[in-house]
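Asks: The structure's right below; bear with me while I get my questions together.
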Amino acid sequence: MNPLYDALFAPLARRQGPLMTLADDGVVTAQAFHAMIAGYAGALRALGVQPGDRVAVQVAKSPQALAVYAATVTVGAVFLPLNTAYTPAEIAYFIADATPALFLCDPARAETLRPVAGQSRLETLGPQGEGSFQGQPPSTPEPLVVTPRRPDDLAAILYTSGTTGRSKGAMLSHGNLLSNAQALAALWQFTDRDVLLHALPIFHTHGLFVASNVSLLTAGQMIFLPGFDLDQVLRLLPQATVMMGVPTFYTRLLSDARFDRTAAAHMRLFISGSAPLLAETHRAFEARTGQRILERYGMTETNMNTSNPYDGERRAGTVGLPLPGVDLRIMGAAGDVAPGEVGMIEVRGPNVFQGYWQMPEKTAEELRPDGWFITGDLGMIEDGYVSIVGRAKDLVISGGYNIYPKEVELLLDAVPGVVESAVIGLPHPDLGEAVFAVIVGDVKAEAALAAIAGDLARFKQPKAAVVVADLPRNTMGKVQKNLLRESYKGWFAG
Ligand code: MLC
Ligand code: AMP
């Protein structure tokens with residue numbers, strides 16, 4: 001038994017016809033993809049990758065990259081995907097923390113990344129499958145040997161930033177990922193007739209697990225695009241039946257007059273998540289297309305927790321109901337709060353992760369011994385529908401990517417001339433929120449931003465900054481970020 005291989009990948013060997021259509025209209029058949037998995041599984045073993053070893057990858061989205069994920073779980077190893085925007089300084093932390101046996105990167109970045117690879121073997125994989133990491137020709141009579149795994153064995157580690165500025169590796173088991181894919185596939189009524197328009201990155205939960213796993217589990221097809229390109233998406237929508245996206249995908253579609261009822265007519269479902277979808281976007285989308293976006297809520301540590309219903313009312317501004325099998329409660333200081341009151345969202349179920357990689361204290365802070373995970377999201381429940389009304393964690397979500405202000409503040413504070421800084425998220429018409437820095441010190445805002453640019457992925461860098469005399473503080477001395485957000489709220493207004 002290897003839960004993910006058996007459910008998602010084994011059926012591909014027997015399946016006729018296409019699995020993926022690519023941006024250039026090229027096609028990858030199900031059997032060709034299975035052969036790719038077999039070849040990469042052989043290559044991983046030939047490189048000495050053992051069950052339980054981590055395989056870190058920072059590579060462009062491609063069918064080959066997805067096949068490396070499949071091959072890694074097939075040989076019983078642990079897949080560790082990394083955002084392609086991360087700088088060598090950021091990668092150095094992940095490699096040192098996770099000590100992967102193998103690190104795969106883009107051939108063009110190999111020399112820059114070699115110094116941070118440490119003890120990990122470095123191989124390369126390019127956007128077209130080129131590079132030093134190549135599939136091994138299948139051997140007969142057994143082209144693919146599958147390493148047995150139990151449901152609680154690890155399949156992946158996904159890093160998520162922390163409020164302290166140090167990223168934590170969320171350990172996800174085969175059972176976590178498969179149970180969630182099964183719940184979502186049933187709830188959203190996926191079948192082998194579905195064609196999923198896949199324009200999300202595959203280094204995060206949304207694109208890797210929610211999108212790819214659900215489609216593979218139900219033997220559907222994917223239109224597998226390297227990223228969200230509006231023209232390409234508009235061209236390909238008539239061939240798709242389902243799309244998953246972050247809210248920015250939907251606001252970008254709405255910003256284009258070509259996106260109308262006819263353009264969306266072939267689609268049976270639009271799903272949104274990873275960041276709040278404004279009720280106004282939900283309504284504008286329905287007015288334009290006649291279709292109601294289905295919003296769901298999840299996180300790296302828990303996979304998906306709630307979803308609006310497929311058949312019932314999809315309520316704008318809410319993230320719907322707990323998924324079957326997932327318990328959700330709203331906690332105040334004195335325990336469960338009354339319906340309609342705001343508190344901390346906690347979740348429990350087969351979706352909830354195994355803890356943070358080598359951080360038992362962090363795990364104990366957020367995952368209670370009886371299985372409840374403290375999400376850091378503030379919410380309330382009305383008529384069974386969950387709404388997220390805020391975050392207890394200091395976090396900015398920009399275009400669906402999470403940025404922890406602490407990480408940016410630590411770098412800014414180290415810039416000569418900077419006394420202190422406060423990093424906040426401000427409303428942004430395209431990205432939902434955009435990162436903004438308020439700096440105290442004898443320094444020019446642009447110079448401070450330029451000084452940290454080399455160490456921080458571009459999407460985390462403040463889109464703008466101001467220098468001020470001091471930061472507003474409460475009587476406890478804590479910076480009042482709510483006042484800063486209020487003062488600068490119109491900065492990025494369209
Ligand atoms: C790109 N840039 C961003 C950004 N994406 N800046 C802030 N926030 C972002 N999200 C910057 C680039 O660095 C670049 O900067 C400029 O914007 C243009 O880059 P681009 O590559 O052309 O951007 P684009 O392709 O338009 O990307 C925007 C996007 C993308 C929204 C399509 O960010 C995206 O695909 N987001 C999805 C993220 C996601 O999958 N999240 C799921 C997490 S899982 P410059 O200055 O160099 O021009 C999760 C759990 C759950 O949260 O519930 O799902
Ligand atoms: P990540 O750590 O990248 O997995 O991001 C998870 C966080 O994204 C959650 O804790 C929420 O704060 C946020 N999130 C995900 N889906 C939604 C949603 N539909 N609405 C609001 N916030 C969301």
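The values are calculated or read from the model by the stated rules, or taken from the named source; none is laboratory data. Keep in mind that what you see is a predicted model, and the values were worked out from it rather than measured. Glycine also receives a Cβ, built like all others from the backbone with ideal geometry; neighbour counts cover every protein chain displayed. Heads up: the accessible areas ignore ligands, DNA and RNA and are worked out on the full protein's heavy atoms, side chains in. Shrake-Rupley method; radii C 1.70, N 1.55, O 1.52, S 1.80 Å.
Asks: Within segment 125-140, is there a residue that is without any contact (Cβ under 8 Å) to a residue 12 or more places away in the chain, more than 16 Å from ligand 1 (Cβ to nearest atom) and either in the same structural domain as L102 (by TED's automatic domain parsing) or part of a loop (DSSP other than H, G, I, E, B) (or both)?
Replies: If we filter segment 125-140 for residues that are without any contact (Cβ under 8 Å) to a residue 12 or more places away in the chain, which is where we start, we get 140.
Then keep just the ones that are more than 16 Å from ligand 1 (Cβ to nearest atom); that gives 140.
From what's left, either in the same structural domain as L102 (by TED's automatic domain parsing) or part of a loop (DSSP other than H, G, I, E, B) (or both): 140.
Yes - at least one qualifying residue is present in segment 125-140.
Asks: Can you tell me which of L225, L196 is away from ligand 1 (no atom under 13 Å from the Cβ) and aliphatic (A, V, I, L, M)? Show your work before the answer.
Replies: On the way: L225 fails: away from ligand 1 (no atom under 13 Å from the Cβ).
Exactly one residue qualifies, and that residue is L196.
Asks: Return the residues of segment 104-124 that are more than 23 Å from P226 (Cα to Cα) and either in contact (Cβ under 8 Å) with a residue 40 or more places away in the chain or open to solvent by 90 Å² or more (accessible area, probe 1.4 Å) (or both); say none if nothing qualifies.
Replies: Answer for segment 104-124, where residues must be more than 23 Å from P226 (Cα to Cα) and either in contact (Cβ under 8 Å) with a residue 40 or more places away in the chain or open to solvent by 90 Å² or more (accessible area, probe 1.4 Å) (or both): E111, R114, P115, Q119, S120, R121.
Asks: Looking at segment 435-470 only, could you name the residues that are more than 16 Å from ligand 2 (Cβ to nearest atom), open to solvent by less than 10 Å² (accessible area, probe 1.4 Å) and either in contact (Cβ under 8 Å) with a residue 40 or more places away in the chain or under 23 Å from the mean Cα position of the chain (by Cα) (or both)?
Replies: Of everything in segment 435-470, those that are more than 16 Å from ligand 2 (Cβ to nearest atom), open to solvent by less than 10 Å² (accessible area, probe 1.4 Å) and either in contact (Cβ under 8 Å) with a residue 40 or more places away in the chain or under 23 Å from the mean Cα position of the chain (by Cα) (or both) turn out to be F436, V438, I452, L456.
Asks: Do the conditions hold for T306, that is, is it among the hydroxyl-bearing types (S, T, Y), in contact with a Leu (Cβ under 9 Å, 6 or more places away or on another chain) and farther than 19 Å from Q189 by Cβ?
Replies: On the way: among the hydroxyl-bearing types (S, T, Y): yes; in contact with a Leu (Cβ under 9 Å, 6 or more places away or on another chain): yes; farther than 19 Å from Q189 by Cβ: no.
Judged against the criteria, T306 is not a match.
Asks: To continue, here is another question. For segment 174-190, how many residues meet the condition of being open to solvent by 10 Å² or more (accessible area, probe 1.4 Å), under 15 Å from V352 (Cα atoms) and among the small types (G, A, S)?
Replies: Residues flagged as open to solvent by 10 Å² or more (accessible area, probe 1.4 Å), under 15 Å from V352 (Cα atoms) and among the small types (G, A, S) within segment 174-190 amount to 3.
Asks: Return only the number of the condition from (1) surrounded by fewer than 18 Cβ atoms within 10 Å (Cβ to Cβ); (2) assigned to a helix (DSSP H, G or I) that H266 does not satisfy.
Replies: The failed condition is (2).
Asks: Another one. Looking at segment 25-38, is at least one residue open to solvent by less than 10 Å² (accessible area, probe 1.4 Å) and β-branched (V, I, T)?
Replies: There is at least one residue in segment 25-38 that is open to solvent by less than 10 Å² (accessible area, probe 1.4 Å) and β-branched (V, I, T).
A quick yes/no check of all residues on (1) in contact with a Lys or Arg (Cβ under 6 Å, 6 or more places away or on another chain); (2) hydroxyl-bearing (S, T, Y); (3) closer than 19 Å to R314 by Cα; (4) within 16 Å of ligand 1 (Cβ to nearest atom):
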| residue | (1), (2), (3), (4) |
| --- | --- |
| M243 | no, no, yes, yes |
| T251 | no, yes, yes, yes |
| R258 | no, no, no, no |
| A279 | no, no, yes, no |
| E286 | yes, no, yes, no |
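Asks: If I ask for residues that are open to solvent by less than 10 Å² (accessible area, probe 1.4 Å) and not hydrophobic (A, V, I, L, M, F, W, C), which ones from segment 269-288 would you list?
Replies: Across segment 269-288, the qualifying residues are S272, G273, H282.
Asks: Which count do you get for residues in segment 346-365 that are away from ligand 1 (no atom under 16 Å from the Cβ) and open to solvent by 20 Å² or more (accessible area, probe 1.4 Å)?
Replies: The qualifying residues number 11.
Asks: Applying the selection to segment 397-421, what residues are surrounded by 21 or more Cβ atoms within 10 Å (Cβ to Cβ), part of a loop (DSSP other than H, G, I, E, B) and not small (G, A, S)?
Replies: Y404
Asks: Moving on. Which of (1) open to solvent by 10 Å² or more (accessible area, probe 1.4 Å); (2) within 16 Å of ligand 1 (Cβ to nearest atom) is the odd one out, the single condition L208 does not satisfy?
Replies: So L208 meets the others, but not (1).
Asks: Looking only at segment 298-316, decide whether some residue is open to solvent by less than 60 Å² (accessible area, probe 1.4 Å), more than 30 Å from A85 (Cβ to Cβ) and either in contact with a strand residue (DSSP E or B) (Cβ under 6 Å, 6 or more places away or on another chain) or within 16 Å of ligand 1 (Cβ to nearest atom) (or both). Steps first, answer last, please.
Replies: In the first step, residues of segment 298-316 are kept if they are open to solvent by less than 60 Å² (accessible area, probe 1.4 Å); the result is 298-310, 312, 314, 316.
Now drop any that are not more than 30 Å from A85 (Cβ to Cβ), which leaves 308-310, 312, 314, 316.
Filter once more, so that each one left must be either in contact with a strand residue (DSSP E or B) (Cβ under 6 Å, 6 or more places away or on another chain) or within 16 Å of ligand 1 (Cβ to nearest atom) (or both): 308, 314.
So far as segment 298-316 goes, yes, one or more of its residues are open to solvent by less than 60 Å² (accessible area, probe 1.4 Å), more than 30 Å from A85 (Cβ to Cβ) and either in contact with a strand residue (DSSP E or B) (Cβ under 6 Å, 6 or more places away or on another chain) or within 16 Å of ligand 1 (Cβ to nearest atom) (or both).
Asks: For D377, work out the one condition from (1) assigned by TED's automatic domain parsing to the domain that holds D470; (2) touching a residue at least 24 places away in the same chain (Cβ under 8 Å) it doesn't fulfil.
Replies: (1)
Asks: Test D394 against the criterion of being within 16 Å of ligand 1 (Cβ to nearest atom), surrounded by fewer than 22 Cβ atoms within 10 Å (Cβ to Cβ) and under 30 Å from G227 (Cβ atoms), and give yes or no. Can you show your working first?
Replies: On the way: within 16 Å of ligand 1 (Cβ to nearest atom): no; surrounded by fewer than 22 Cβ atoms within 10 Å (Cβ to Cβ): yes; under 30 Å from G227 (Cβ atoms): yes.
Against the criterion (within 16 Å of ligand 1 (Cβ to nearest atom), surrounded by fewer than 22 Cβ atoms within 10 Å (Cβ to Cβ) and under 30 Å from G227 (Cβ atoms)), D394 does not qualify.
Asks: Let me ask something else. Residue check: is K481 touching a strand residue (DSSP E or B) at 6+ places or on another chain (Cβ under 8 Å), exposed (fewer than 14 other Cβ atoms within 10 Å of the Cβ), touching a residue at least 40 places away in the same chain (Cβ under 8 Å) and of a type outside the set (F, W, Y)? Working first, answer last.
Replies: Numbers: touching a strand residue (DSSP E or B) at 6+ places or on another chain (Cβ under 8 Å): yes; exposed (fewer than 14 other Cβ atoms within 10 Å of the Cβ): no; touching a residue at least 40 places away in the same chain (Cβ under 8 Å): yes; of a type outside the set (F, W, Y): yes.
When the stated conditions are applied, K481 does not pass them.
Asks: For segment 366-391, which residues satisfy the criterion of being closer than 21 Å to E295 by Cβ and in a loop (DSSP other than H, G, I, E, B)?
Replies: Looking only at segment 366-391, we keep the residues that are closer than 21 Å to E295 by Cβ, and these are 373, 375-391.
Matches in segment 366-391: D383, G384.
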